[in-house]
Amino acid sequence: MATTAVPTPAAPRAASTYDENSGLWSWLATVDHKRIGVLYLFTALSFFIVGGLEAVIIRAQLQGPNGHLVSAETYNQLFTMHGTTMVFLVIMPLSAAFFNFLIPLQIGARDVAFPRLNAFSYWVYLFGGLFITLPIFFHVAPNGGWFGYAPLTTRAFSPGINIDFWVIGLQILGISSLAAAFNFITTIINLRAPGMTLMRMPMFTWMSFVVQFLIILAFPVITVALVFLLFDRFFGTQFYEIAAGADPLLWQHLFWIFGHPEVYILILPAFGLVSEIIPTFSKKPLFGYPVMVYSGMLIGLLGFGVWAHHMFAVGMGPIGDSVFSLATMLIGIPTGVKIFNWIGTMAQGHLRFTTAMLFAIGLVALFTIGGISGVMHSSPPADLQQTDSYFIVAHFHYVLFGGSIMGIFGGIYHYFPKMTGRLMDEKLGKIHFWLNFIAMNLTFFPMHFSGMLGMPRRIYTYDSGQGWDTFNLISSIGAYMLVVSSALFAYNFMRSRKKGEIAGSNPWDAGTLEWSIPSPAPEYNFATIPQVSSRYPLWEGNEKDAESARINSQEGKTAEDLHIILPYSTIKPLIVAASLVFMFCGLITSKALLFVGAAMMVVTLYSWLLSPLEPEHH
Amino acid sequence: MSAPAAHHYTSTGLDSRKIAIWAFIGSECMLFVSLISTYLIYKGRSIVGPFPHEAWVSPSGEHFNAILNIPVTSASTFVLLMSSLFMVLALAAVQNKNVPKRTRGERILGSSKLWLWATAIAGTTFLGFQAFEFTSFVHEGLSIKTNLFGSSFFTLTGFHGAHVTAGVIWLLTLLAIDYRRGLGPNDALNVDIAALYWHFVDVVWIAIFTLVYLIK
């Protein structure tokens with residue numbers, strides 16, 4: 001990572017690996033964090049279509065009473081895969097797309113700390129995602145809910161292969177998330193440009209930093225829960241065997257110790273994106289920056305102490321209920337602080353209502369609704385009325401769709417120019433926003449009422465005369481509108497890649513480092529590693545900031561011109577990831593495959609670890 | 001391996017690999033905490049024997065002894081603890097490879113191969129003890145399927161054993177490099193990372209030995 005200040009002899013093979021080919025191979029072998037981010041983005045958006053279609057079938061089934069579009073069994077597979085897909089294959093990887101693309105750019109680094117490990121994470125995600133998604137086309141998809149409660153999911157009650165796909169698939173996806181999290185923690189701690197102190201880091205990087213800690217501490221817990229389930233299903237252990245004395249709540253505790261931090265893993269990146277968008281389009285630094293940092297950390301910390309509020313209905317007794325209820329209400333405080341700080345940022349700002357800004361404001365509004373219904377069922381007596389009803393479905397779609405997805409859409413509109421060099425069409429974007437905003441409320445707001453009227457979650461059909469019919473019809477119409485708005489987004493996205501307006505390095509007049517470099521970002525990111533003296537170097541920086549921004553905004557330079565050494569492209573992470581998934585497939589098919597996969601993995605892993613990352617420095 | 005740390009600017013001055021291994025160890029703590037908690041939650045909940053600390057007579061009149069063999073496991077624990085000491089010496093030997101050795105004692109202390117071998121062999125000995133323990137338990141009627149104790153015990157200690165196995169393979173890899181081109185101060189970080197992992201696995205065993213074996 002030599003800077004341009006020190007002239008070094010060009011390394012002949014360094015740059016050529018990137019620029020000169022953009023074919024399929026260059027994508028398979030890439031270790032560039034920006035390309036990996038783009039891969040994450042496209043893959044996750046593809047899974048978004050799959051998860052969305054599953055939701056549409058669910059809504060078509062529930063559109064009116066006594067719907068029989070699909071059977072109960074198919075319905076079980078649909079809602080299980082809708083939840084699993086949206087949580088693990090859409091929102092988390094969409095966040096990961098931004099982690100990959102943005103973190104190095106925001107902290108002034110040339111790549112992540114471990115570029116090849118980064119590629120490995122992506123490939124494991126892709127293969128694991130396919131592993132868990134493909135079964136639905138053969139009618140053998142997981143059917144035990146995205147939470148997979150054991151003992152329901154043990155062999156005795158779920159004898160089919162369906163749950164096997166779920167258990168193994170989640171295990172694979174966990175490896176991807178963990179590997180990525182170690183990488184990003186190290187990157188943020190260690191690869192910040194000179195002067196980029198922790199308290200100058202952009203808020204998206206901060207929230208991502210918190211999320212990586214949640215991942216490394218929460219995922220091992222579900223790994224263990226899944227190992228127990230895997231052993232129960234395949235090797236006859238008794239972890240979830242009630243007749244043998246097992247605790248029927250073991251799974252629930254382990255799952256939600258993971259599952260509640262997971263909720264913040266899903267929302268904090270969107271909070272981070274919004275915290276970039278709102279200051280940019282208010283032309284004001286983020287209001288109360290340190291408090292935003294601390295509230296993010298506090299949300300992460302408290303997130304580990306509230307898991308049992310998912311379990312009030314199991315009867316933990318008054319002390320357990322009170323403790324978890326209070327802790328849950330407490331989380332409302334740092335979250336509320338964030339809402340107020342976004343509003344404070346907008347107050348008296350020069351607001352520009354771009355599509356990204358609209359989505360950001362959409363998050364602030366809709367997440368608040370979801371947050372408030374969340375505080376409602378933090379109280380056990382209220383929760384006992386609401387739990388397992390559509391009220392809960394309304395709640396978590398307001399925080400996940402109204403929160404995470406709105407924030408991520410905003411992020412896509414905002415950062416599209418940095419990824420492609422072109423702007424997305426604003427007119428179509430605004431139509432997308434309004435359609436999406438109206439459809440979203442149309443779909444999920446009535447669920448508060450159908451839930452309050454007693455409609456349970458996960459039922460595949462219902463009788464008329466219970467007061468649910470109209471609400472369900474409205475929800476279904478909203479869902480169809482969401483399809484239209486998403487199609488509009490897809491059209492805008494694909495079209496703008498080639499035909500969008502040329503963006504220039506800083507189309508939004510934003511203040512952070514990623515906007516100091518050309519769009520699309522060059523493969524080396526920064527021609528010179530920037531010197532940072534402020535939170536918004538492009539707005540309020542001193543001469544040093546201005547000087548590095550001037551050098552970095554030069555277009556058309558290749559890494560070779562600048563004598564920047566880049567890592568070799570390599571296919572090895574892909575092969576290791578494929579071997580890993582191959583090995584897990586062996587559990588379902590034959591033990592022989594398991595050993596073949598393991599052997600392949602060890603051999604390719606050694607080959608990866610013993611080959612150099614980049615050309616030798618001279 | 002990849003280019004030495006000196007060429008790269010880092011915010012902390014530390015090599016990135018060192019930070020990553022600490023993050024990894026933090027994550028591993030949660031893994032073992034979950035496994036150990038499950039073992040403790042299920043302690044005393046098994047409906048049928050054999051049990052860890054007390055004898056059991058089955059309804060059909062079969063007699064089972066208390067299954068945990070504390071003297072034997074104390075011996076294997078001692079071996080594993082010693083391996084951590086050898087690991088420290090191995091790291092020191094690699095770091096001081098270029099310091100001239102005058103006496104025989106200095107040459108012994110400075111032999112990275114000797115101490116890496118000692119660590120790997122001690123680790124393997126521990127695994128041998130574990131294999132012996134597992135087979136004798138199966139002979140005495142306790143398998144992973146027998147009861148909650150069997151399931152949680154074998155899974156917990158099995159996971160730890162798998163970690164030791166990975167550590168031994170890591171050490172053998174370092175040894176192979178040492179034989180091929182010699183490990184020197186430039187490799188100290190790689191050995192240091194392996195050592196951190198090894199000590200972590202060792203510390204986990206101290207927790208397991210105390211909570212599973214010693215406390216009745």
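Every read-out reported here was derived from the displayed coordinates using simple, explicitly stated rules and does not represent laboratory data. All values reported here derive from a predicted model rather than from experimental measurement. Neighbour counts are summed over all protein chains in view; Cβ atoms, including those assigned to glycine, are modelled from backbone coordinates with ideal geometry.
What the table below lists for this structure:
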item	result
Cα→Cβ-extended label distance, 7 Å offset, between B:Y179 and A:Q554, nm	5.2
Ranking of A:M92, A:M376, A:M494, A:M440 by count of other Cβ atoms within 10 Å, fewest first	A:M494, A:M376, A:M440, A:M92
In nm, spacing of pseudo-spin labels at A:L384 and A:L301 (7 Å Cα→C-beta vector)	3.3
Residue-by-residue Karplus 3J(HN,Hα) for segment A:140-145, coefficients 6.51, -1.76, 1.60, Hz, glycine and proline x	10, 6, x, 9, x, x
Gap separating the Cα centres of segment A:134-171 and segment B:82-135, nearest whole Å	46
Ordering of A:282-292, B:97-107 by burial proxy (mean other Cβ atoms within 10 Å per residue, highest first)	A:282-292, B:97-107
Helical mean residue ellipticity (222 nm; -39500 (n - 2.57) per DSSP H run of 4+; nearest 500) of chain A	-21500 deg cm²/dmol
Cα gyration tensor, the protein assembly as shown - rounded (a/c under 1.5), prolate or oblate	oblate
Estimated vicinal HN-Hα couplings, Hz - segment A:327-336 in sequence order (Karplus 6.51, -1.76, 1.60; Gly, Pro = x)	4, 5, 4, 4, 5, x, 5, x, 5, x
For A:R422, residues with placed amide H under 5 Å, excluding near neighbours	A:A503
Partner chain coverage, peptide B:23-35 - average Cβ within 10 angstrom	6
Placed amide H near A:S389: partners under 5 Å, 5+ positions off or other chain	A:R457
Cleavage-rule hits, GluC sites (Glu not before Pro), segment A:543-581, DSSP coil, Cβ neighbours within 10 Å at most 12	A:E555
Spatially proximal aspartates and glutamates relative to A:K557 (Cα-Cα < 14 Å; intrachain offsets below 8 disregarded)	A:D19, A:E20, A:E523
Local electrostatic count, A:R422, Cβ distance below 11 Å [Lys/Arg +1, Asp/Glu -1]	+3
Distance from segment A:267-291 to segment A:444-492 (C-alpha centre basis), Å	32
Sequence ranges A:342-351, A:525-534, ranked by mean other-Cβ count within 10 angstrom, highest first	A:525-534, A:342-351
Global form of segment A:481-604, assessed from the alpha-carbon gyration tensor, a/c cut-off 1.5	oblate
Within 10 Å of each Cβ in B:139-145, the average number of Cβ atoms from other chains	2
Simple spin-label estimate for A:V603 and A:L453 in nanometres, 7 Å along Cα-Cβ	6.3
Shape of segment B:35-214, Cα gyration tensor, a/c cut at 1.5	prolate
Degrees separating the helix A:250-282 axis from the principal Cα axis of chain A, which is the longest one	40
Principal-axis tilt of helix A:572-588 within chain A, Cα atoms, nearest 10 degrees	10
Peptide-level mean, for A:183-193, of C-beta atoms on other protein chains within 10 Å	6
Per-pair calculated FRET efficiency, R0 = 22 Å: B:T165 and B:L14 via Cβ, rounded to 0.05	0.15
Using alpha-carbon coordinates, inclination of helix A:115-133 to the longest axis of chain A, degrees	30
Over chain B: helical MRE at 222 nm, DSSP H runs n ≥ 4 each giving -39500 (n - 2.57), nearest 500	-23000 deg cm²/dmol
Rounded FRET efficiency, nearest 0.05, which uses the C-beta distance separating B:L214 from A:H139 and R0 of 41 Å	0.20
Distance between segment A:367-409 and segment A:206-253 - C-alpha centres, whole angstrom	24
Candidate lysines - alpha carbon under 26 Å from A:K338, same-chain residues fewer than 8 apart omitted	A:K283, A:K284, A:K430
Under the Karplus curve 6.51 cos²θ - 1.76 cosθ + 1.60, θ = phi - 60°, whole-Hz ³J(HN,Hα) for segment A:183-195, x wherever Gly or Pro sits	4, 6, 4, 4, 4, 5, 5, 10, 10, 6, 5, x, x
